[in-house]
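Have a look at the structure below before the remarks.
Taken together, the values in this text are just the output of simple stated rules run on the coordinates, not laboratory data. Because the structure is a prediction, the values reported are computed rather than measured. Note that we place each Cβ from the backbone using ideal geometry, even for glycine, and neighbour counts take in every protein chain shown.
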Amino acid sequence: MKDGAREVRIAMVAGEASGDLLASHLMDALKERLPGARFFGIGGPRMEGRGFDAWWPAETLAVRGYVEVLKHYREIAGIRRQLKKRLLLDRPDVFIGVDAPDFNLGLETDLKARGIRTIHYVSPSIWAWRGGRIKKMQRAVSKVLALFPMEPPLYQKEGIPVAYVGHPMADTIPLTTDRLAVRERLGLPTAVPIFALLPGSRQSELQYMAATFVQTAKLIRERHLPQAIFVVPLATRETRLMFEQAIYDQGAADVPFRLLFGHAQDALGAADVSLVASGTATLEAALIKRPLVVTYKMARGSYWLMKRMGYQPYVGLPNILAGRFVVPEILQDEATAENLAEALVKLYADKAGAAELEEVFTDIHLQLRQNTAQKAADAVIECLN
């Protein structure tokens, strides 16, 4: 098939904000090569801004943890059934599942069994979980697009086609971010302690994290750094309202929070230190080269299952990619406002440690900088030919 010679129909499913971002970059690269391509399925606002036909919004899939997924199971399973039926009736040239493995792998398995080519973009965390998932991958995918360098050997060993494409954030985030320039752009003072607080992009995360993040900021001001300011990027109107409610509930109206719509990279770039809910945002913080504390809380049952199934000692991407603990992780019952405030203030005071971290994070950045969207587009087009 010659690039762009006919209309290519590409079905995609991207769950939540990080999937929407990845998929939108891939769409840009594919459109250059396949100008007539049509994109449809489940996607977010960035994808829609590029002409994606969203049959359901990405937010539909944005639940985290076993217990939360069970609560929404019927709704999500119903959407998957309807989507599968529609895709089998009106067959795409290729299906690309962007992350969201709990939703996508089952769908990919059914589509592949009916002769539709399937690509899974973002390897599920088989390096962090028991290896059973790789057998599922074998049945589900024609090809995996892996973001991290430790992933391809695991697939090659099982004979699963894989392409290492690097991480798109490593392409878009500059190697250095000027803290003072970002502060000036945001109208923030240049000479006071600033902390970025990233409590998550999903409403289910804010439910568990918002109050703790607000209490942590309150404690830092009261006990440690009375001049401190807190910059909080929030992905949606709903998560912003939840955070505002937590400020009110915790009696923290006098704490100087600066809430931003999105702009996570600006918040991280302006900060001396960040508090980040585990997930892609921890990588973002590392690529911006700021010290951070990784934290997470979820339903107790979900956390217990995760601990039982996991076989890596860390959950934060900076530690996973460094292969050792380079930033603190304070999780679940340990994630009290007292513990978090103490860890953040300690990092703020450790300027020598911050310089060492910057070197570690620069190495990670260079390793992940691969011109991801182009490499991913190459792999998709290879699959179409």
Straight-line reach only, C-alpha to C-alpha below 18 angstrom: list the lysines that K157 could link to, leaving out same-chain residues fewer than 8 apart. K135, K136, K143
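Can you show me the helix-derived [θ] at 222 nm for the chain, built from DSSP H runs with n ≥ 4 at -39,500 (n - 2.57) apiece and divided by the number of residues, rounded to the nearest 500.
So the helix-based figure for the chain works out to -14500 deg cm²/dmol.
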Defining a contact as two alpha carbons under 8 Å apart and six or more residues distant in sequence, what relative contact order in percent does the chain show? 17 percent
Hz values of 3J(HN,Hα) by residue in the range 46-55 - Karplus curve (6.51, -1.76, 1.60), Gly and Pro given as x: 5, 5, 4, x, 9, x, 5, 8, 8, 6
Mind telling me which of Q374, Q265, Q245 comes out most flexible in a GNM of the chain, alpha-carbon contacts under 10 Å? Q245
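Can you give the charge dipole size of the range 172-368 about its Cα centre, rounded to the nearest 20 debye, using +1 on the beta carbon of Lys and Arg and -1 on the beta carbon of Asp and Glu?
260 debye
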Indicate the helices, whole DSSP H runs only, in the chain that combine a mean Kyte-Doolittle hydropathy of -1.0 or more with a Cα extent along their long axis of 15 angstrom or more. 16-33, 73-89, 101-113, 203-219, 237-249, 337-349, 351-368, 372-384
Sequence of H167, H263 once ranked by neighbouring C-beta atoms within 10 Å, starting from the fewest: H263, H167
Just checking my list (i) 208; (ii) 131; (iii) 160 against volume of the Cα convex hull per residue in Å³ computed from this structure; which label fits? (ii)
Dipole of the chain, Cα-centred, from +1 at each Lys and Arg C-beta and -1 at each Asp and Glu C-beta, to the nearest 20 debye? 1400 debye
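Listing H25, H72, H120 from the residue with the fewest other Cβ atoms within 10 Å to the one with the most, what is the order?
Going from sparsest to densest Cβ surroundings: H72, H25, H120.
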Which far-off residues, 5 or more places away or on another chain, put their amide H under 5 Å from the one on M12, with H placed in the peptide plane? F40, G41, I42, I96
What nm distance separates the two modelled labels at R237 and R139, each placed 7 Å from Cα along Cα→Cβ? 4.2 nm
Neighbours of R185 by Cβ distance under 13 Å: Lys/Arg at +1, Asp/Glu at -1, summed charge 0
Set Lys and Arg Cβ to +1 and Asp and Glu Cβ to -1, take the dipole of the chain about its Cα centre, and tell me which of G166, A373, A11 lies farthest positive. A11
In nm, give the distance between the simple-model label positions of R33 and R81, each being 7 Å from the Cα along the Cα-to-Cβ direction. 3.7 nm
